[in-house]
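A short write-up of the structure that comes next.
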Amino acid sequence: MSNIRKAFTNGKAFIAFITCGDPDLETTAAVVRSAVENGADLIELGIPFSDPTAEGPVIQGANLRALSHGVTTDRVFTLVKELRCDVSVPMAFMTYANVVFSYGVERFISTCRAIGIDGLILPDLPFEEKDEFLPICRKYGVDLVSLIAPTSENRIAMIAKEADGFIYVVSSLGVTGMRSEIKTDLASIVKVIRGNTDTPCAIGFGISTPEQAKKMADISDGAIVGSAIIKLLEKHGKNAPVYVGEYVRSMKNAIKKL
């Protein structure tokens, strides 16, 4: 069993997304530790990119702030090595294909393995083009996480059958960001996924409240939150870790009640 799948073995999983380097890498490290201490089962680390097409304005802003502070892929790798001294929960990178290509695919993925990154999420990678990454990911034991969106329709079963780690179910059309209501028929999507694989699935995009997290985890195997955490970082800066910890605890407690 991969480390990422282990995140789903103790009930519903809470997955926290954090953009590396916003406002600085030291704060990122403190936020990761605070999230883990307060119940996060898996951490998604965003490697900043200048054109994050899947992201809404909140995470776009975090990317630009991090890049303006000189955050690079190599500095993020160093951050992860330091975190792995005491952080044992699974961690995955969420970034864009061009970041990996520009670094060198094998060099990037082999480094992920060396520093303790368990998975890779590339929201701009079409399913049909995953073979540019998948063989190398499997060579180094790094799960290439598949995304399934409301537009996947008749491709859901095909994507699910070949999924590694966990399946990232995109709750809504459009970019990331907090939403007052999620109207997609996610239960039907998850039903198709579960009919084709035992790989766990978690829902992300638009989840910000404990009530939403509980509803999404009730349908699936977990909930993913990014923009709400980034807004806390934007508001509190270097003082954000304590606020993120309190927020993560409230979200984890909500899905624990299932």
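The values are calculated or read from the model by the stated rules, or taken from the named source; none is laboratory data. None of the values given here were measured: they were computed from a predicted structure. Cβ coordinates were reconstructed from backbone atoms using ideal geometry, including for glycine residues, and neighbour counts include every protein chain displayed.
In the range 69-85, which residues are among the basic types (Lys, Arg) and in a loop (DSSP other than H, G, I, E, B)? Working first, answer last.
From the range 69-85, those among the basic types (Lys, Arg) are 75, 81, 84; that's our starting set.
The answer is ARG84, and nothing else.
In the list GLY222, GLY245, GLY204, which residue meets the criterion of being surrounded by 16 or more Cβ atoms within 10 Å (Cβ to Cβ), in contact with a strand residue (DSSP E or B) (Cβ under 6 Å, 6 or more places away or on another chain) and modelled with pLDDT of 95 or more? Full working, then the answer.
Numbers: GLY245 fails: in contact with a strand residue (DSSP E or B) (Cβ under 6 Å, 6 or more places away or on another chain); GLY204 fails: modelled with pLDDT of 95 or more.
The unique qualifying residue is GLY222.
For the range 1-13, give me each residue that is in a loop (DSSP other than H, G, I, E, B) and either surrounded by 24 or more Cβ atoms within 10 Å (Cβ to Cβ) or free of Cβ contacts under 8 Å to residues at least 40 places away in the same chain (or both).
Taking the range 1-13 first, the residues in a loop (DSSP other than H, G, I, E, B) are 1-2, 7-12.
The answer is MET1, ALA7, THR9, ASN10.
Pick out, from the range 86-167, the strands (runs of 3 or more DSSP E) lying fully within it that include 2 or more residues that are touching a Gly at 6+ places or on another chain (Cβ under 6 Å) and surrounded by 18 or more Cβ atoms within 10 Å (Cβ to Cβ).
Numbers: elements: 91-94, 119-121, 143-148.
Output list reads 91-94, 143-148.
Being farther than 16 Å from LEU232 by Cα and either of a type in the set (A, V, I, L, M) or buried (at least 24 other Cβ atoms within 10 Å of the Cβ) (or both) is true for just one of VAL32, VAL76, VAL58. Which residue is that? Even if it seems obvious, please write down each step before you answer.
On the way: VAL32 fails: farther than 16 Å from LEU232 by Cα; VAL58 fails: farther than 16 Å from LEU232 by Cα.
Testing whether each residue is farther than 16 Å from LEU232 by Cα and either of a type in the set (A, V, I, L, M) or buried (at least 24 other Cβ atoms within 10 Å of the Cβ) (or both) leaves just VAL76.
Is at least one residue of the range 14-33 touching a strand residue (DSSP E or B) at 6+ places or on another chain (Cβ under 7 Å) and either at pLDDT below 95 or part of a loop (DSSP other than H, G, I, E, B) (or both)?
Applying the first criterion (touching a strand residue (DSSP E or B) at 6+ places or on another chain (Cβ under 7 Å)) to the range 14-33 yields 14-20, 28, 31-32.
Then keep just the ones that are either at pLDDT below 95 or part of a loop (DSSP other than H, G, I, E, B) (or both); that gives 20.
Yes - at least one qualifying residue is present in the range 14-33.
Please go through the range 34-45 and pick out each residue that is touching a Pro at 6+ places or on another chain (Cβ under 8 Å) and not in a helix (DSSP H, G or I). So that I can check it myself, show each step before the final result.
Residues of the range 34-45 that are touching a Pro at 6+ places or on another chain (Cβ under 8 Å), as a first pass: 34, 41-43.
Selection gives ASP41, LEU42, ILE43.
Any residue that is more than 13 Å from the chain's Cα centre (by Cα), on the phi > 0 side of the Ramachandran plot and modelled with pLDDT of 95 or more - is there at least one of those in the range 100-107? It would help to see each step written out before you state the result.
Start the filter on the range 100-107 by keeping residues that are more than 13 Å from the chain's Cα centre (by Cα), which leaves 100-107.
If we keep only those that are on the phi > 0 side of the Ramachandran plot too, we end up with 104.
Pick out the ones that are also modelled with pLDDT of 95 or more and you get 104.
Yes, because at least one residue in the range 100-107 is more than 13 Å from the chain's Cα centre (by Cα), on the phi > 0 side of the Ramachandran plot and modelled with pLDDT of 95 or more.
Quick one: what pairs do we get from the range 79-98, first residue farther than 14 Å from ALA114 by Cβ, second of a type in the set (Lys, Arg), C-beta under 7 Å, 6+ apart or different chains?
VAL87/ARG33; PRO90/LYS6
Working carefully through the options ALA228, ALA217, find the one that is buried (at least 24 other Cβ atoms within 10 Å of the Cβ), farther than 21 Å from LYS161 by Cβ and of a type outside the set (Val, Ile, Thr). So that I can check it myself, show each step before the final result.
On the way: ALA228 fails: buried (at least 24 other Cβ atoms within 10 Å of the Cβ).
Criteria check complete, one pass: ALA217.
Is it fair to say PHE133 is under 28 Å from ASN154 (Cβ atoms), at pLDDT below 95, aromatic (Phe, Trp, Tyr) and touching a Leu at 6+ places or on another chain (Cβ under 9 Å)?
Values: under 28 Å from ASN154 (Cβ atoms): yes; at pLDDT below 95: no; aromatic (Phe, Trp, Tyr): yes; touching a Leu at 6+ places or on another chain (Cβ under 9 Å): yes.
Against the criterion (under 28 Å from ASN154 (Cβ atoms), at pLDDT below 95, aromatic (Phe, Trp, Tyr) and touching a Leu at 6+ places or on another chain (Cβ under 9 Å)), PHE133 does not qualify.
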